Amino acid sequence: DALFKQKLEAYGLAWLETDSRDGIEYNAKKMPAALMVWKKISKEKFPSWVKNSTCEFRKKSGNRYFMRIQQKQKNLFTDIEVELVMPVDYLFKVAPEEWEKDYQTAFAKFKKEENRLAIMSDFMRSLDVSEFGIYNYDRIMKEDEAIQLAASFNFKEQFDENISKPFVYYIPGSERALVKYPQYQWNDFPLMPDKAGLLFSLLPDNKVAIYGRKDYAKIKFSELKKMEKPSYDFDMLTIVEDIKSPDDLKKILLN
């Protein structure tokens, strides 16, 4: 795609035009290697026939890989050591000028977001192992007692929406389930009348915002149910903890 290549060039990147069908792991997810930003570590140049080639990625250690470039017709290949930097779509969330002005600061934003997503992913995985039910919001929408309302959340912390997409999670009083609410769904938020429930969101900078069980119990569910177009503002309490692991989240949410 000519426009895509032009966009990459604005960020100082080159497109090799070698054909890769490999998937690589990034933040515990399988990602197409062809849609990642790579930094060349090897001193040798790419072969002149690179545009007529395929390539495969073999992990060396950490973020380092060997990229084997092989000519399709002839039995020629070159191994280039490369380092995985980030997904291409991360790059486009920040203007080229911002990368050029202060690369380290711009990149640090993504590293924080990666860390936040990794902690939340590990937390959900640990609950799943503990036989918690992990559900999306549509499961709650099917419940007859759920109250559909327009929800707003005051986090007292700023999300950079170019980089971070906030999610709210609900843990019922039974503590045997976790329900995920994406931001685009908050205008039609299914609230469960649960006197022992809680809501939380993992914030940037290793903090958690929580609407605790005491506040949740004070919600006047019967009044909301009578309203034609109910709405509710959740004033989230920010807990300043250095959250580094799923266990840190469990101590706050499940104790």
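For segment 234-251, the candidate set comprises residues that are in a helix (DSSP H, G or I) and surrounded by fewer than 15 Cβ atoms within 10 Å (Cβ to Cβ); within that set, the residue that is farthest from the chain's Cα centre (by Cα) is K251. How about segment 110-145: which of its residues are part of a helix (DSSP H, G or I), open to solvent by 60 Å² or more (accessible area, probe 1.4 Å) and over 25 Å from Q185 (Cα atoms)? Listed by number, the residues that qualify are K111, V129. Cβ-Cβ contacts under 6 Å between residues 6 or more apart (or on different chains), taken from a first residue in segment 16-31 that is within 19 Å of Y90 (Cβ to Cβ) to a second residue that is open to solvent by less than 60 Å² (accessible area, probe 1.4 Å) and charged (D, E, K, R), are listed as N27/E114. Taking S152, is it open to solvent by less than 50 Å² (accessible area, probe 1.4 Å) and touching a residue at least 12 places away in the same chain (Cβ under 8 Å)? For S152, the condition - open to solvent by less than 50 Å² (accessible area, probe 1.4 Å) and touching a residue at least 12 places away in the same chain (Cβ under 8 Å) - is not met. Screening the candidates Q183, Q158 for the property of being open to solvent by 80 Å² or more (accessible area, probe 1.4 Å), within 30 Å of E98 (Cα to Cα) and polar (S, T, N, Q) yields one hit, Q158. Evaluation of F159 against the conditions (1) touching a Leu at 6+ places or on another chain (Cβ under 9 Å); (2) closer than 22 Å to L117 by Cα; (3) in a strand (DSSP E or B) shows that the sole unmet condition is (3). Output yes when any residue across segment 221-233 is at pLDDT below 90, open to solvent by 20 Å² or more (accessible area, probe 1.4 Å) and assigned to a strand (DSSP E or B), and no when none is. No: zero hits. Note on segment 126-165: residues that are under 21 Å from the mean Cα position of the chain (by Cα), among the charged types (D, E, K, R) and more than 22 Å from G212 (Cβ to Cβ) total 5.
Considering segment 26-63 alone, what residues qualify as being among the small types (G, A, S) and at pLDDT 90 or above?
A33, A34, S42, S53, S61
Quick check on this structure: which one of L198, L191 is closer than 15 Å to I147 by Cα, open to solvent by less than 10 Å² (accessible area, probe 1.4 Å), over 16 Å from the mean Cα position of the chain (by Cα) and of a type in the set (A, V, I, L, M, F, W, C)? Just a single option satisfies the conditions, and that option is L191.
Being of a type in the set (S, T, N, Q) and in a helix (DSSP H, G or I) is the filter; apply it to segment 164-215 and report the residue that is modelled with the highest pLDDT. If you could, list the steps in order and put the result at the bottom.
Taking segment 164-215 as the starting set, the residues that turn out to be of a type in the set (S, T, N, Q) are 164, 174, 183, 185, 187, 201, 206.
Now restrict to residues that are in a helix (DSSP H, G or I): 183, 185, 187.
Working: Q183: 91, Q185: 90, N187: 94.
For segment 164-215, the residue satisfying everything is N187.
The values are calculated or read from the model by the stated rules, or taken from the named source; none is laboratory data. Given the structure is predicted, the values throughout are model-derived calculations rather than measurements. All Cβ positions, even for glycine, are placed from backbone atoms using ideal geometry, and neighbour counts span all protein chains on display. Side chains are part of the model used for accessible areas, which takes the heavy atoms of the whole protein and leaves out ligands, DNA and RNA. Shrake-Rupley method; radii C 1.70, N 1.55, O 1.52, S 1.80 Å.
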